[in-house]
Amino acid sequence: MASIDFLSGTCQDGTTPAQETTAAVEFGLCDDVPKSPAYLDLHSPGKWVACVRNAKAYAVTFTSIDNCIEVRRANGEMESRCDGLLTYDDHLIFVELKEKNRSWLEEGIGQLAITIPLFFANHARESFVSQKAYLANSRHLLFQFSRTSRTQKFQDDTGVLLFVEAEIVLP
Amino acid sequence: MSQLKIQHFGPIELGFNENDGFMDFRKVTVLIGNQGTGKSSVAKLFATMSWLEKALFQGRLKPTYVTRYNRFVKEFCAYQNLKSYFRGDDTVIEYRGKAYTLIFENNRLSIEETGGPKAYRVPQIMYVPAERNFLSAVDNPDKLKGLPQSLSAFWNELSRSQQEITDGFDLPVGNARFEFDKSNKIPWIVGQKSGGKYRLRLSEASSGFQSFVPLLLVSRNLAQSIYKERDASRSALSGEERKKIRSEVDKILSNEKISSEVKQTALETLSARFKNEVFLNIVEEPEQNLFPQSQRAILFQLLDFVNTTAENELVLTTHSPYVINHLTLAIKGREILDRLASASVPQSVGILARQKLQAVVASTATVAGKDTVVYELDEKGTISRLDTYKGLPSDDNYLNKELEEANNLFADLLDLENELWRA
């Protein structure tokens with residue numbers, strides 16, 4: 001497979017910007033435009049699927065992946081990918097955003113689990129001091145349930161710690 | 001490890017869907033399922049079969065006594081109120097223990113020695129009924145008439161545990177302590193709250209205390225007494241001594257010159273020589289009336305007790321997703337402990353890691369995934385084993401899925417709201 005630069009700053013169409021950076025202490029991640037990349041938003045909390053709490057005001061970059069970076073399977077079909085990733089000070093957070101009632105958990109975990117090894121095949125794992133993955137669903141904010149065995153399997157498969165929650169708190 | 005197969009009994013139809021229907025009972029066995037799916041039936045039958053195996057092994061009952069006149073149904077299963085769960089010729093129950101196999105089919109029980117009595121450890125069997133808080137809610141359970149037999153047996157053990165307590169003990173929840181006034185037979189809860197020290201009769205305490213204090217008191221007393229007696233009992237039970245006791249039992253039973261009453265007394269005296277070697281604790285709904293944090297504390301205590309002696313076993317029925325989640329912590333904790341023990345980790349790192357682990361789950365309450373099994377019972381009368389991932393119970397268990405279902409249903413309501421008013 002040809003190498004893919006996930007962090008080039010531009011989508012593979014060569015024109016659409018793939019990255020935005022903010023130091024806001026609170027911002028959102030949205031994915032409400034069909035066939036378009038997910039994006040960072042400062043002003044419309046009603047549209048946020050995930051909310052990022054950035055109390056230390058790091059310069060945080062959101063990089064779009066789905067509908068931006070193309071990855072093809074051997075048979076030519078488009079590979080399933082997660083929506084994007086957050087980076088700040090060599091910390092890395094993969095993000096998948098959902099607005100779905102059912103079947104979102106397995107689907108979202110699957111997208112993250114496919115994207116993470118693809119990313120590390122192209123960017124050195126060692127260059128990031130921490131690696132996490134967040135799966136957020138704007139429709140499932142209320143009732144918590146256990147994800148212990150899934151989290152263990154995800155960690156074993158990807159080497160990345162999984163969080164299923166819509167609030168991403170940067171420590 | 002004992003095995004039990006149950007078919008066409010009460011709400012159970014085809015029963016366990018693997019291993020020719022035989023469920024393994026491991027160090028920790030958990031039964032989950034909706035109301036009326038048969039969790040308690042499985043727990044009670046396992047208690048009954050284990051009790052029969054013990055009585056047969058000790059010679060307190062002869063196989064012919066147990067198998068004749070439908071006593072298995074009318075006497076031994078009636079004890080646990082299971083008599084009306086039998087469905088004529090359709091019911092199949094087969095118990096495979098280390099000393100005996102008991103098979104109930106075609107409406108009759110047969111008993112076979114399994115040839116492995118050396119591996120058999122005499123269990124102290126305690127069935128802790130869901131109604132245990134009733135015993136705490138009244139001041140003199142001694143005076144109650146007409147208690148179910150299993151509750152009455154639990155009361156006897158509870159009463160004994162209260163009398164044997166020397167100096168009270170700290171309870172794992174509520175910053176409180178249990179004390180027992182032996183002369184007036186009054187159980188007390190003594191605690192500290194922001195308003196100062198308080199002292200309440202157990203009958204006046206909250207329902208949570210009324211549920212878990214009897215459970216902990218009996219479990220603690222039995223686990224400790226077996227642990228203390230274990231070394232002494234080992235030699236007394238080995239080889240020749242067992243044979244000798246067995247022949248003495250046979251002599252008493254076959255002696256036609258003594259009355260059955262005298263026989264019973266002689267057998268009881270003799271059976272006391274078979275000290276209990278392990279503790280089989282069968283607990284209905286340990287979470288009863290408890291806040292989640294307290295459920296964790298009680299579960300970890302029960303796991304601590306099951307770990308006091310190598311071959312102790314714990315069987316739980318539960319409706320609580322927390323019990324499964326907290327059991328998962330205990331399993332993961334053991335995995336980390338085992339890895340720490342086998343890996344070459346610098347001593348200081350190891351000490352710190354153990355301290356961090358201890359803050360989550362005490363090492364004495366951890367349990368290996370391979371020693372744990374969770375069974376799910378459904379409305380169709382089927383029993384299935386919950387999948388595991390590296391020994392951890394799967395998130396896809398009935399209790400957890402029901403929590404997730406609340407999310408799904410809430411999302412449906414959001415949809416409905418949007419349909420109605422967003423346009």
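Summary of values
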item: Among A:Ala113, A:Thr151, A:Val60 the positive-end extreme of the charge dipole of region A:19-169 (Cβ point charges); result: A:Thr151
item: Binned Cα-Cα distances of region B:156-205, short to long, each 10 Å bin given as a whole percent; result: 25, 55, 18, 2
item: Phi-based couplings in Hz for region B:92-105 (Karplus 6.51, -1.76, 1.60; Gly and Pro marked x); result: 10, 10, 9, 10, 10, x, 6, 9, 9, 10, 10, 10, 10, 8
item: Between region B:371-388 and region B:151-189, the alpha-carbon center distance in angstrom; result: 35 Å
item: Zone residues, region B:152-177, relative to B:Ser194, backbone N less than 17 Å from point 7 Å out along Cα-to-Cβ; result: B:174-175
item: Reachable lysines from A:Lys98, criterion Cα separation under 17 angstrom, eight or more residues apart if same chain; result: A:Lys35, A:Lys47
item: Residue among B:Leu144, B:Leu202, B:Leu316 with the largest mean-square fluctuation in a Gaussian network model of chain B, springs linking Cα atoms under 10 Å; result: B:Leu144
item: About the Cα centre, charge dipole magnitude for region A:19-169 (Lys/Arg +1, Asp/Glu -1 at Cβ), debye; result: 320 debye
item: Cut-off under 5 Å, modelled amide H: who pairs with B:Glu313 long-range; result: B:Phe279, B:Leu280, B:Asn281
item: Share, in percent, of DSSP beta bridges within region A:19-169 that are antiparallel, nearest 5; result: 60 percent
item: Under 5 Å, built H, 5+ apart or other chain: amide partners of B:Tyr389; result: B:Ser394
item: Where only C-alpha atoms are counted, convex hull volume of region B:285-423 per residue in Å³; result: 179 Å³
item: Rg in Å to one decimal, and Dmax rounded to a whole Å, for chain B via C-alpha atoms; result: 23.5, 94
item: Most positive-pole-ward Cα, B:Phe25, B:Ser320, A:Phe163, against dipole of the protein assembly as shown from beta carbon charges; result: B:Phe25
item: Euclidean distance between Cα centres, region B:36-67 to region A:85-100, Å; result: 57 Å
item: Calculated FRET value between A:Lys56 and B:Asp142, using beta carbons and R₀ = 56 Å, to 0.05; result: 0.30
item: Set of region B:51-65 residues, backbone N closer than 19 Å to the point 7 Å along the Cα-Cβ line of B:Lys251; result: B:58-62
item: For the protein assembly as shown, the spread of Cα positions along each principal axis, largest first, Å; result: 106, 62, 60
item: In region A:1-71, trypsin sites (Lys or Arg not before Pro) in a DSSP loop with at most 16 other beta-carbon atoms within 10 Å; result: A:Lys35, A:Lys56
item: Using a Förster distance of 35 Å, the FRET efficiency for A:Met78-B:Asp387 (Cβ separation, nearest 0.05); result: 0.65
item: Residue-averaged beta-carbon neighbours from other chains (10 angstrom radius) around B:402-415; result: 5
item: Label-point separation, A:Gln155 to B:Ala406 (7 Å along Cα→Cβ), nm; result: 2.6 nm
item: GNM flexibility winner over chain A from A:Glu107, A:Glu77, A:Glu26 (Cα, springs under 10 Å); result: A:Glu77
item: Phi to ³J(HN,Hα) by Karplus 6.51 cos²θ - 1.76 cosθ + 1.60 over region B:152-161, Hz, x for Gly, Pro; result: 4, 5, 5, 4, 4, 5, 5, 4, 5, 4
item: Net lengthening on full extension, B:Gln35/B:Glu335 (0.36 nm per residue, minus Cα-Cα); result: 104.7 nm
item: Average projected area [Cα convex hull, region A:19-169], square nanometres; result: 9.2 nm²
item: Long-range HN-HN contacts of A:Thr10 with modeled amide H, under 5 Å; result: A:Ala18
item: Orphan Cys of chain A, criterion: no other Cys C-beta under 4.7 Å; result: A:Cys30, A:Cys51, A:Cys82
item: Whole-Å semi-axes of the ellipsoid equivalent to region B:45-169 (Cα gyration tensor, √5λ, descending); result: 30, 20, 11
item: Using a Förster distance of 41 Å, the FRET efficiency for B:Ala153-B:Val360 (Cβ separation, nearest 0.05); result: 0.70
item: Set of lysines with alpha-carbon distance to B:Lys83 below 23 Å, sequence-local pairs under 8 removed; result: B:Lys5, B:Lys39, B:Lys44, B:Lys54, B:Lys62, B:Lys74, B:Lys145, B:Lys380
item: Region B:303-313 - phi-based ³J(HN,Hα) in whole Hz, Karplus 6.51/-1.76/1.60, Gly and Pro as x; result: 5, 4, 5, 5, 8, 5, 10, 3, 9, 4, 9
item: Alpha-carbon centroid distance for the pair region A:1-60 / region A:119-171, whole angstrom; result: 17 Å
item: Relative contact order for chain B, counting Cα pairs under 8 Å that sit 6 or more residues apart, in percent; result: 22 percent
item: Selection of trypsin sites (Lys or Arg not before Pro), region B:97-187, meeting DSSP coil and at most 15 other Cβ within 10 Å; result: B:Lys145, B:Lys182, B:Lys185
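Each value in this text was obtained by applying a stated rule to the coordinates, not by laboratory testing. Here the structure is a predicted model, which means the values were calculated and not measured. Using ideal geometry, Cβ is built from the backbone for each residue, glycine included, and neighbour counts are taken over all protein chains shown.
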